[in-house]
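Below is one structure, written out as structure tokens, with a few remarks after it.
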Protein chains: 2
Amino acid sequence: MGTISEHTLPLANYTDRLDVMNFLNEVVGLYPQAISFASGRPLEDFFDFSKWNDYVNHFACHHAKNLDVSVEKSIKLIGQYGKTQGIINDLIAQHLDKDEDIQVDPENIIVTDGAQEAMTLSLLTMFNKDKDVLLIGNPTYIGMTGIASILDIETMSVEYDDFGPRIDAIQARVEQARQVGKKVKGFYVIADFDNPSGKCVSLERRMELLECCAEKQITIFEDNPYGLFYFEEKLPTIKSLDKWDIVTYFGTFSKTICPALRVGFVVTKQKVKKDNGDQYSITEGYEKIKSFVTLNTGQFNQAVVGGVLLECGGSLKRYLSAMVETYKHNRDVMLSSLEAELGDLKKQGVLSWNTPSGGFFITLSLPFSFKESQLVECAEQFGVIGVPTAFFSDNDQHDKQLRLSYSYVKPQEIKHGVSQLAKFIHKYSAT
Amino acid sequence: MGTISEHTLPLANYTDRLDVMNFLNEVVGLYPQAISFASGRPLEDFFDFSKWNDYVNHFACHHAKNLDVSVEKSIKLIGQYGKTQGIINDLIAQHLDKDEDIQVDPENIIVTDGAQEAMTLSLLTMFNKDKDVLLIGNPTYIGMTGIASILDIETMSVEYDDFGPRIDAIQARVEQARQVGKKVKGFYVIADFDNPSGKCVSLERRMELLECCAEKQITIFEDNPYGLFYFEEKLPTIKSLDKWDIVTYFGTFSKTICPALRVGFVVTKQKVKKDNGDQYSITEGYEKIKSFVTLNTGQFNQAVVGGVLLECGGSLKRYLSAMVETYKHNRDVMLSSLEAELGDLKKQGVLSWNTPSGGFFITLSLPFSFKESQLVECAEQFGVIGVPTAFFSDNDQHDKQLRLSYSYVKPQEIKHGVSQLAKFIHKYSAT
């Protein structure tokens with residue numbers, strides 16, 4: 001005993017995709033000497049645990065007023081089990097209003113263990129595994145496709161052009177699903193500074209996407225982890241343009257405050273019609289499911305976020321200004337390093353890269369495949385790590401692309417890392 | 001748009017059971033004036049956020065040594081995303097050895113968002129929804145049955161006698177499942193100070209349970225949130241008696257340190273045999289699934305737990321001694337109050353209660369049904385809240401029982417609350 005045959009475990013069906021997430025989480029530790037463009041981590045310079053207790057105390061005063069109890073009691077209550085839905089919903093609503101022009105009732109927010117849990121809860125609450133289909137981009141964030149695999153929910157990918165997801169491709173997928181007796185229930189999109197591509201959906205395409213999904217009764221799952229890190233013009237989120245209440249919005253404080261918090265949220269305002277004609281909010285459904293997945297989100301950590309939001313008057317944009325400047329500088333250093341090291345190949349049309357207007361990532365398109373073995377060679381022999389875009393894709397369309405993250409690396413390292421990467425690329429391009 | 005018909009949501013199938021969890025989480029807020037015996041919460045007197053930063057710093061030194069980095073770097077890494085499996089696994093292993101006589105490799109531990117997530121991960125990793133059955137007690141903790149409902153995994157209940165789950169009942173369920181082409185994959189049990197009953201499984205029954213489950217290839221999911229709160233003799237955990245590696249063990253620091261941490265863990269040592277004959281640890285499977293459910297457990301909170309474990313040399317038993325004294329005193333006050341107020345009815349054989357040797361709960365057996373309407377009447381008109389055991393059951397066998405928690409209430413309130421409850425019971429018993 002103590003041994004189980006693999007074929008009796010659900011796990012056996014989807015092992016490959018699941019390996020990628022752990023790789024992304026742990027790659028930095030695997031090659032400690034290499035310069036890493038792999039990790040979409042925020043800069044550690046801005047973490048400061050010594051302030052956290054002050055944030056908690058600040059929030060505790062606010063919470064005491066909300067609950068009409070003493071501050072001392074409010075602190076004890078923060079230490080306890082608590083409301084499944086969360087305790088900082090009012091402050092998140094204020095932040096969404098100020099930073100994203102999204103007006104939402106705090107009752108329509110559920111605080112989650114990072115945006116990852118928001119994805120888990122959305123699939124569990126909204127999707128019937130044998131009937132419903134989730135549309136995704138290709139490539140796309142592996143966190144959403146991974147949890148869909150685990151829950152056995154079918155995904156279909158939608159082609160993108162330079163402006164975002166193609167509307168005709170969405171319509172074709174709806175029809176394709178219909179023909180096999182299924183329904184497209186949702187579409188997952190990172191409209192601002194996509195992971196992995198770094199690209200944005202254009203304003204016009206956002207409007208077209210909303211019109212199309214409203215007509216086809218498709219929920220748009222808008223994931224917005226990087227939206228506040230914009231270096232030029234800011235586009236409105238899809239959620240802020242949504243007059244039909246069809247957008248379910250995922251947010252996280254991992255990039256803006258600290259990943260260790262594991263505090264994210266989901267905003268959803270849809271109504272469920274019962275058979276007797278009554279309506280109730282889908283938020284209640286999320287709440288029930290969450291109470292059995294993780295019970296509730298850690299309240300100390302919520303209180304830290306609450307304290308930060310109180311201290312910056314709800315606008316994280318102001319809180320983030322130094323961080324955004326750093327990321328912009330890093331992007332500029334990476335772009336100029338790419339130009340200096342690979343500008344010749346670019347001019348010859350051999351390779352190309354995009355110029356992201358915000359976020360953490362640049363996509364580099366190469367004349368040769370860059371997959372796991374290239375990653376390993378590049379890390380071991382040239383001391384630099386980039387992530388194959390293929391890791392985020394379920395076909396071979398993106399085998400020649402590379403995601404480079406500039407968020408987490410010092411400018412000097414960016415220069416050196418790009419120079420090393422260029423050596424690798426020149427070597428391969430010559431053969 | 002913005003409206004979805006209920007029948008198209010998976011949620012519609014299991015709404016009732018899911019309501020109970022939210023009720024348990026939020027009942028204290030619903031009747032703020034009432035004395036609550038409802039909530040299995042730990043005492044707030046022992047929470048102290050002001051020490052948390054010191055715990056984190058203490059752990060950061062230990063972590064720095066483990067990783068061979070500076071303490072400053074170790075603190076930054078705690079703030080980041082991190083290993084899916086957790087960063088305090090070595091300290092949890094030491095604690096299990098010292099407090100529970102469980103010897104386990106840190107590699108076989110996965111740190112989770114409370115024990116609730118350990119249950120979610122276990123079902124996702126181990127169970128095929130159409131083939132596998134989970135055995136449960138009746139009544140049992142709603143967190144396990146709730147997540148099984150959500151994931152559409154069949155549960156079958158097993159009868160208990162005074163010594164624990166009946167072995168013949170387990171065998172009958174195995175046979176019953178076999179006849180419909182299914183397999184009993186696991187058995188969920190709280191062997192120490194059960195929630196809701198407050199009872200323990202006897203030592204002899206623990207051994208029999210192990211023998212039976214080893215023979216039938218059934219994983220025992222041993223959930224042990226209350227085990228360290230023993231007032232008399234301590235029985236060995238089932239895990240510590242397990243020579244077959246068939247026990248998957250759930251632990252939590254919510255009761256021992258603070259619920260707001262949301263730090264729990266799962267220990268599992270089973271091997272999976274691949275088709276080519278290779279074996280790998282099921283821990284890897286848990287790790288992959290966890291990376292898509294919540295990514296990783298909040299590292300600041302892990303560091304708080306790590307700091308506590310370092311400061312108490314791995315033995316929480318010592319750290320808990322004042323808390324355990326308080327709980328024991330509370331139990332004694334509740335038992336003597338029950339004797340004083342309801343001893344007459346007990347002598348007449350009209351009602352009864354057990355004498356728990358640890359944990360948070362007493363079960364009171366009444367001559368009349370105690371369900372939701374009785375709860376509401378008792379709370380509103382008598383100012384005292386108890387939870388119907390029926391809430392933890394899927395049939396009407398336990399409709400006349402009541403779970404009383406003494407963990408969270410001051411002795412004076414226990415006396416007054418029992419006296420109020422006795423008035424309610426005398427009124428009902430007389431009619």
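The values are calculated or read from the model by the stated rules, or taken from the named source; none is laboratory data. Bear in mind the structure is a predicted one, so any value in this text is a computation, not a measurement. Don't worry about glycine lacking a Cβ; one is built from the backbone with ideal geometry, like all the others, and counts go over all protein chains shown. Side chains included, ligands, DNA and RNA excluded: accessible areas come from the protein's heavy atoms. Shrake-Rupley method; radii C 1.70, N 1.55, O 1.52, S 1.80 Å.
How many percent of Cα pairs in region B:294-431 exceed 28 Å? Intermediate values should be presented prior to the final figure.
Numbers: 3028 of 9453 pairs.
Everything past 28 Å amounts to 32 percent.
Between B:Glu325 and B:Asp161, what's the calculated FRET efficiency when r is the beta-carbon distance and R0 is 35 Å? Round to 0.05.
Numbers: r = 32 Å, r/R0 = 0.91.
Computed FRET efficiency for B:Glu325 and B:Asp161: 0.65.
List the aspartates and glutamates whose Cα lies under 16 Å from the Cα of A:Lys98, skipping any in the same chain that are fewer than 8 positions away.
Result set, ordered by chain and number: A:Asp90, A:Glu311.
Just by accessible area at a 1.4 angstrom probe, what is the order of A:Leu209, A:Leu67, B:Leu77 from largest to smallest? Can you show the working numbers first?
On the way: A:Leu209 0, A:Leu67 80, B:Leu77 45 Å².
Ranked from most to least accessible, the order is A:Leu67, B:Leu77, A:Leu209.
Excluding A:Val418 itself, what net charge comes from residues whose Cβ is under 11 Å from its Cβ, given Lys and Arg +1 and Asp and Glu -1?
On the way: positive: A:Lys415, A:Lys423; negative: A:Glu339, A:Glu341, A:Glu413.
Every neighbour counted, the sum reads -1.
Can you classify region A:315-376 as rounded, prolate or oblate using the Cα gyration tensor, where a ≥ b ≥ c are the square roots of its eigenvalues, rounded means a/c under 1.5, and otherwise it's prolate if a/b beats b/c and oblate if not? Can you show the working numbers first?
Numbers: a/c = 3.10, a/b = 1.93, b/c = 1.60.
Because a/c hits 1.5 or more and a/b exceeds b/c, region A:315-376 counts as prolate.
Once amide H atoms are placed 1.01 Å from N in the peptide plane, what residues at a sequence separation of 5 or more from A:Ile4, or on another chain, have their amide H within under 5 Å of its amide H?
For A:Ile4, whose amide H was placed from the backbone, the distant partners under 5 Å are B:Lys271, B:Val272, B:Lys273.
How much net charge surrounds A:Lys400 when only other residues with a Cβ under 15 Å from its Cβ are counted (Lys, Arg +1; Asp, Glu -1)? Intermediate values should be presented prior to the final figure.
Values: positive: A:Lys346, A:Lys371, A:Arg403; negative: A:Glu372, A:Asp396, A:Asp399.
After counting each charged neighbour, the total is 0.
Distances from A:Asp105 to the same residue in each other copy, label points 7 Å out along Cα→Cβ, in nm, shortest first?
With the label placed 7 Å along Cα→Cβ, A:Asp105 yields 5.3 nm.
So how strong a dipole does region A:80-316 carry about its Cα centre when Lys and Arg Cβ are +1 and Asp and Glu Cβ are -1, to the nearest 20 debye? Walk me through the numbers before you get to the answer.
Numbers: 25 positive and 35 negative charges, 137 e Å.
It comes to approximately 660 debye.
Taking the solvent-accessible surface of protein heavy atoms with a 1.4 Å probe, what is the per residue accessible area of region B:52-318 in Å²?
On the way: 8490 Å² over 267 residues.
I get 32 Å² per residue for region B:52-318.
If you fit an axis through the alpha-carbon atoms of helix B:114-126 and take the longest principal axis of the Cα set of chain B, what angle between them do you get, 0 to 90°, nearest 10?
Result, in degrees: 70.
Pairs of alpha-carbon atoms within less than 8 angstrom and 6+ residues apart define the contacts here; what relative contact order does region A:80-316 have, in percent? Write down the numbers at each step before the final one.
Numbers: 419 pairs, mean separation 67.0, N = 237.
Once divided by the residue count of region A:80-316, the mean separation gives 28 percent.
Less than 14 Å apart at the alpha-carbon level, and either on another chain or at least 8 residues along: which aspartates and glutamates does that give for A:Lys274?
Output for A:Lys274: A:Glu284, B:Glu6.
Using 1/(1 + (r/R0)^6) with R0 = 35 angstrom and r between the beta carbons of A:Lys131 and B:Asn354, what's the FRET efficiency to the nearest 0.05? Can you show the working numbers first?
Details: r = 47 Å, r/R0 = 1.34.
So, using R0 = 35 Å, E works out to roughly 0.15.
How far is helix A:372-382 tilted off the main Cα axis of chain A, in degrees rounded to 10, range 0 to 90?
Relative to chain A, helix A:372-382 is tipped by roughly 70 degrees.
Mind listing the long-range amide H neighbours of B:Val384? Cut-off is under 5 Å, sequence gap 5 or more, other chains count too, H placed in the peptide plane at 1.01 Å from N.
Residues meeting the criterion, in which the H sits 1.01 Å from N, are B:Ile35, B:Ala379.
Using only alpha carbons, build the gyration tensor for the protein assembly as shown and give me the equivalent ellipsoid semi-axes, biggest first, whole Å.
On the way: eigenvalues 437, 163, 154 Å².
Sorted largest first and rounded, they come to 47, 29, 28 Å.
Relative to the longest principal axis of the C-alpha atoms of chain B, give the angle of the C-alpha long axis of helix B:203-216, reported between 0 and 90° and rounded to the nearest 10°.
60 degrees
What FRET efficiency, computed as 1/(1 + (r/R0)^6) with R0 = 25 Å and r the Cβ-Cβ distance, is obtained for A:Glu311 and A:Val71, rounded to the nearest 0.05?
After rounding, the FRET efficiency stands at 0.90.
Given 20 °C and 1.002 mPa s, compute D for region A:171-301 with the Stokes-Einstein relation, Rh being the Kirkwood radius over Cα pairs; round to the nearest whole µm²/s.
Working: Rh = 16.7 Å.
Here the translational diffusion coefficient equals 128 µm²/s.
Tabulate in residue order the Karplus-calculated ³J(HN,Hα) for region B:241-247, using 6.51 cos²θ - 1.76 cosθ + 1.60 with θ = phi - 60°, rounded to whole Hz; enter x for Gly and Pro.
For region B:241-247, the Karplus curve yields 9, 8, 8, 9, 6, 9, 9 Hz.
Each label point is 7 Å from the Cα along the Cα-to-Cβ direction; what then is the distance between the points at B:Gln33 and A:Gln171, in nm?
In this crude spin-label approximation the distance works out to 6.3 nm.
Computing the accessible area with a 1.4 Å probe over protein heavy atoms, can you report the carbon and sulfur percentage for the protein assembly as shown? Can you show the working numbers first?
Details: 14310 of 30730 Å².
Ligands and nucleic acids excluded, carbon and sulfur give 47 percent.
Sum up the charges of everything whose Cβ sits under 13 Å from the Cβ of A:Ser202, counting Lys and Arg as +1 and Asp and Glu as -1, but leave A:Ser202 out. Walk me through the numbers before you get to the answer.
Working: positive: A:Arg166, A:Lys199, A:Arg205, A:Arg206; negative: A:Asp161, A:Asp162, A:Asp192, A:Asp194, A:Glu204, A:Glu208, A:Glu233.
It works out to a net charge of -3.
Among the listed pairs B:Lys199/B:Lys273; A:Lys199/A:Lys346; B:Lys131/B:Lys400; B:Lys182/B:Lys271, which have their C-alpha atoms separated by more than 28 angstrom in this model?
Values: B:Lys199/B:Lys273 37 Å; A:Lys199/A:Lys346 19 Å; B:Lys131/B:Lys400 35 Å; B:Lys182/B:Lys271 22 Å.
B:Lys199/B:Lys273; B:Lys131/B:Lys400, as the Cα separations exceed 28 Å there.
Roughly how crowded by other chains is peptide A:42-54, in terms of the mean Cβ count from those chains within 10 Å of each of its Cβ atoms? The partial results should precede the final answer.
On the way: counts 3, 1, 8, 1, 1, 7, 2, 11, 4, 1, 5, 5, 0.
Shielding by partners across A:42-54 averages 4.
Give the Kirkwood hydrodynamic radius (Å, one decimal) of region A:80-316, defined as one over the mean of 1/r across all pairs of different Cα atoms.
Values: mean 1/r = 0.0554 Å⁻¹.
Taking every pair of different Cα atoms in region A:80-316, averaging 1/r and inverting gives 18.0 Å.
Any number yet on Rg/Rh for chain B, C-alpha, Kirkwood?
Working: Rg = 22.2 Å, Rh = 22.9 Å.
My calculation of the ratio gives 0.97.
Based on alpha-carbon positions alone, could you give the equivalent ellipsoid semi-axes of region A:114-252 from the gyration tensor, as √(5λ), descending, whole Å? Show your work: numbers first, answer last.
On the way: eigenvalues 99, 59, 36 Å².
Ellipsoid half-lengths, sorted descending, are 22, 17, 13 Å.
Would you kindly give the portion of the calculated P(r) for region B:382-431 that falls above 14 Å, as a percent of all Cα pairs? Walk me through the intermediate numbers first.
Details: 726 of 1225 pairs.
Counting every Cα pair in region B:382-431, those more than 14 Å apart make up 59 percent.
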